[in-house]
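Chemist: Take this structure, written in structure tokens, and hold onto it; I'll ask about it next.
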Amino acid sequence: MENTKEEIKAGKMLPVMETFYTIQGEGVHTGSAAYFIRLGGCDVGCVWCDVKDSWDAGKWPITSIHEIVTAALEYPGRLVVITGGEPLMYNLEPLTALLHEYGFKIHIETSGVYPVTGDFDWICFSPKKFKNPHPDIYSFADELKVVIYHKSDFDFAEQHAQKVKDSCKKLLQPEWSKRGIMTEQIINYVKSFPNWKISLQTHKFMDIP
Ligand code: SF4
């Protein structure tokens, strides 16, 4: 047990909630085939979280990074998306090094509340009101994706947009259960502030994971 804890701390073993090969449904890379690695564990506590099952890391099998990469290699795509939960709760240096060794491009989806560890080809930062991000994330983020649940979230999005680098892509995405109300507001917002784009959860429309 002690050994396992050490291996997790070193990032050589990680709690894997699920893995699946699908189409990236949201954000800048929508439409690309990708192998998703969903790590268990999150302490951000979003009320509208659609993967609450991920919060307790202890529920998920501790898996070696070699097993994770071997499983990913079974599919033809060489794009991996690491998500959660909050994947940056873990040291992702060893996993990302091994994935790169095997030729994968690596994207991550994070709330940014922990320091960035690991080497990524694309960092999608999705800040949450429920826990402040670590300040380092602003210089790393390639994509700022803000979920719009309430009209006050537009201001929240702008606060973060002021801190990211100029090249960072800025997207607004309706929270799924509020899409009936918020999508129209987002359309109008993006027409007024065209430095933003719209992201939709197209995987939910396509009924794929
Ligand atoms: Fe859920 Fe993500 Fe929020 Fe964690 S950060 S509670 S996984 S939506």
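The values are calculated or read from the model by the stated rules, or taken from the named source; none is laboratory data. A quick note: this is a predicted structure, and the numbers were derived from the prediction, not measured. Quick reminder, even Gly has a Cβ in these numbers, built from the backbone with ideal geometry, and neighbours come from all protein chains shown.
Chemist: Output the strands (runs of 3 or more DSSP E) that fall wholly within the stretch 56-122 and possess 2 or more residues being within 16 Å of the ligand (Cβ to nearest atom), closer than 24 Å to C46 by Cβ and within 18 Å of the chain's Cα centre (by Cα), or say none.
Modeler: 79-83, 105-110
Chemist: Restricting the search to the stretch 132-153, which residues are part of a strand (DSSP E or B), under 12 Å from T110 (Cα atoms) and within 13 Å of the ligand (Cβ to nearest atom)?
Modeler: Residues satisfying the conditions are K145, V146.
Chemist: So how many residues does the stretch 79-97 have that are surrounded by fewer than 16 Cβ atoms within 10 Å (Cβ to Cβ) and either under 10 Å from L39 (Cα atoms) or of a type outside the set (D, E) (or both)?
Modeler: So the count comes out to 1.
Chemist: Out of everything in the stretch 142-160 that is touching a His at 6+ places or on another chain (Cβ under 9 Å) and of a type in the set (A, V, I, L, M), what residue ends up being farthest from L88 (Cα to Cα)?
Modeler: V146
Chemist: Here's a follow-up. Can you pull out every residue in the stretch 7-40 that is in a loop (DSSP other than H, G, I, E, B) and either touching a Pro at 6+ places or on another chain (Cβ under 6 Å) or of a type in the set (K, R) (or both)?
Modeler: Answer for the stretch 7-40, where residues must be in a loop (DSSP other than H, G, I, E, B) and either touching a Pro at 6+ places or on another chain (Cβ under 6 Å) or of a type in the set (K, R) (or both): G11, K12, G40.
Chemist: Of the conditions (1) within 16 Å of the ligand (Cβ to nearest atom); (2) among the β-branched types (V, I, T); (3) at pLDDT 95 or above, V47 clears all except one; give me its number.
Modeler: (3)
Chemist: Applying the selection to the stretch 94-140, what residues are touching a strand residue (DSSP E or B) at 6+ places or on another chain (Cβ under 8 Å) and small (G, A, S)?
Modeler: Within the stretch 94-140, S111, G112, G118, S126 qualify.
Chemist: Given the conditions (1) among the hydroxyl-bearing types (S, T, Y); (2) farther than 22 Å from T117 by Cβ; (3) not in a loop (DSSP other than H, G, I, E, B), and given that T4 satisfies all but one, which numbered condition is not satisfied?
Modeler: Looking at each condition in turn, T4 falls short on (2).
Chemist: Output the number of residues of the stretch 184-195 satisfying the condition of being free of Cβ contacts under 8 Å to residues at least 12 places away in the same chain and either among the polar types (S, T, N, Q) or part of a helix (DSSP H, G or I) (or both).
Modeler: So the count comes out to 5.
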